[in-house]
1. If a residue must be farther than 21 Å from residue B:216 by Cβ and touching a helix residue (DSSP H, G or I) at 6+ places or on another chain (Cβ under 7 Å), how many such residues does the range B:124-143 contain?
2. For the range B:163-196, what are the residues that are out of contact with any helix residue (DSSP H, G or I) (no Cβ under 8 Å at 6 or more places or on another chain) and modelled with pLDDT of 90 or more?
3. Condition (residue is outside the structural domain of residue A:127 (by TED's automatic domain parsing), touching a Gly at 6+ places or on another chain (Cβ under 9 Å) and surrounded by fewer than 20 Cβ atoms within 10 Å (Cβ to Cβ)) applied to the range A:87-100: is it met by at least one residue?
4. Please give the number of the condition residue A:220 fails out of (1) hydrophobic (A, V, I, L, M, F, W, C); (2) closer than 29 Å to residue A:136 by Cα; (3) loosely packed, with under 15 Cβ neighbours inside 10 Å.
5. Specify the residue that is surrounded by the most Cβ atoms within 10 Å (Cβ to Cβ); the eligible residues are those in the range A:122-155 that are of a type in the set (Val, Ile, Thr) and part of a helix (DSSP H, G or I).
6. Residues that are more than 14 Å from chain B (Cβ to nearest Cβ): list the helices (runs of 4 or more DSSP H) wholly contained in the range A:31-121 that include at least 1 such residues.
7. Taking the range B:129-186 as the region of interest, how many residues are in contact with a His (Cβ under 8 Å, 6 or more places away or on another chain) and small (Gly, Ala, Ser)?
8. Out of the range A:5-30, which residues are assigned to a strand (DSSP E or B), in contact (Cβ under 8 Å) with a residue 12 or more places away in the chain and among the charged types (D, E, K, R)?
Amino acid sequence: MIEVTNLTKQFGHKKAVNDLSFTVKKGEVLGFLGPNGAGKSTTMRVVTGFLPPTSGEIRICGLSMVDQPEEAKKKIGYLPESAPLYDGMSVRGFLRFCADMRGLSGSAKAEAVDRAIETCFLQTVHRQAIDTLSKGYRHRTCLAQALLHDPEVLVLDEPTDGLDPNQKHEVRNLIKRLGKDKVILFSTHILEEVEAACTRAVIVDQGRIVADGTPDELKAQSGSDSLYDLFRKVTTTDTAPAKASADA
Amino acid sequence: MRNTWSIFKRELGSYFSHPIAYAIIIVFILISLGLTFSFGQFMRSGDASLDGPFFFWHPWIYMLLAPAVGMRMWSDEQRSGTIELLGTFPLSPWAAILGKFLAAATVWLIAVGLTFPVWITANILGDPDNLTIFSGYLGSYLVCLTFLAITMLVSAFTRDQVVCLIVAVSICVFMVLCSYDDVIRELSNVAADWIVEPIVSIGVWDHFRSLMRGSFRVLDFVWFVSLISACLLGTSAILSAKRA
């Protein structure tokens, strides 16, 4: 499980994440919603140990990310927002490298790589060089690396970004399926995804949580049974100051 | 240990799947041996020790070429975002730093090693002290590693490969020039001893020259190893500072 307590992350003067607390238990899929710049990716980067928190605590399955980073990182599979890959490698070569990084070897490694290729539908491209892949395949290759070691916790930053409707459908189904016995935290802009894949959702704005509940609870909160309306109501837009001065 | 090895394998594979490793190796061999037989006057001087004709040129070549191998070390990762993968894998930062450094060092080991025909030639044409020649190769390789370590440190600072190359080359050029005899002479004419001495101590010539001549001084190894270690430690510090 993921336990985030009073997390603050500051870059210079700017507080990207401001006293954020939430928990995700096994079997839960938590959707992280919010406008751009709300602090979703930063939160995920701190949760996965890429960035150190300015203050607050992160516990992954009881292990502190600050005090025991290597142990805690073993529990997590992470898909970063940009789906980064090593362009010069083949899909299989890249996954084998990631399997090495995850401590897998021998037949366990071969099995894990085959399984990940199958789960993410990479069979037709597994020998291809990564720089020849389309966006959808690149995304799925990066997702495959997150699944290699069958982690207890999955942190996915905009996992359906840039995918076509078919691919979006596949990924959402995958998340739902995996969510049954894992802890999944994923971020998205796409409100229908929340209803499709999440058991709970949180709306983040300017580094703070402004709404929290199951998709049904959130829709009830909006007053008009619409997540879109709730989102518009509780978050600030970055066009607000410009509009205010235009009106004045 | 395992992680260092995995990263080392990946990096080495990456060097040899791009033209860069081949270009560096070929260019180094051509230039170093070309200089040996032309300006080095290997045949005319009849000097089988390889000091003057061969080893002398190496720092001058390394100061320009070594940064070309090292400049992509961290800049690439930061640019493509794969640093986020490395930062979330369960490995210590040192595994990545050492793995990358050793891979670049191996590329250069191959480049330097492939100049062995000149060693054989010296043995055929004359009767050199082979231990001295070995010591010269060691000194030369240590200078190369030092410049690679400096490049790695600079690469951790910036996302831009070209900036990294320019800054690293400038530092390496400074380190080669500042302890070269002619430059020291000029400097002493212009500045006081207390300015000249610290500048000279940063330079590679003194330490390289003694190894070139076959004297294994502990002080030289200490100098090279401390500089390399300081750069690797600095790299670790910069990489974690960037995220904090």
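1. Keep residues of the range B:124-143 that are farther than 21 Å from residue B:216 by Cβ, which gives B:124-127.
Still in the running and touching a helix residue (DSSP H, G or I) at 6+ places or on another chain (Cβ under 7 Å): none.
Total satisfying the criteria: 0.
2. Matches in the range B:163-196: B:163, B:166, B:170, B:174.
3. Among the residues of the range A:87-100, not one is outside the structural domain of residue A:127 (by TED's automatic domain parsing), touching a Gly at 6+ places or on another chain (Cβ under 9 Å) and surrounded by fewer than 20 Cβ atoms within 10 Å (Cβ to Cβ), which makes the answer no.
4. Exception for residue A:220: condition (2).
5. So the first thing to find is which residues in the range A:122-155 are of a type in the set (Val, Ile, Thr), and the list is A:124-125, A:130, A:132, A:141, A:153, A:155.
Next cut, part of a helix (DSSP H, G or I) only: A:130, A:132, A:141.
Numbers: A:130: 19, A:132: 12, A:141: 27.
Taking the candidates together, the pick is A:141.
6. Details: elements: A:40-47, A:69-74, A:91-101, A:106-119.
The helices (runs of 4 or more DSSP H) meeting that bar are A:40-47, A:91-101, A:106-119.
7. Count: 2.
8. The first filter runs over the range A:5-30 and keeps only residues assigned to a strand (DSSP E or B), leaving A:5-11, A:14-24, A:29-30.
Filter once more, so that each one left must be in contact (Cβ under 8 Å) with a residue 12 or more places away in the chain: A:5-10, A:15-24, A:29-30.
Correct list: A:9, A:15, A:19.
The values are calculated or read from the model by the stated rules, or taken from the named source; none is laboratory data. Because the structure is predicted, anything quoted here is derived from the model rather than measured. Cβ sites come from the backbone with ideal geometry, for glycine too, and all protein chains shown count toward neighbours.
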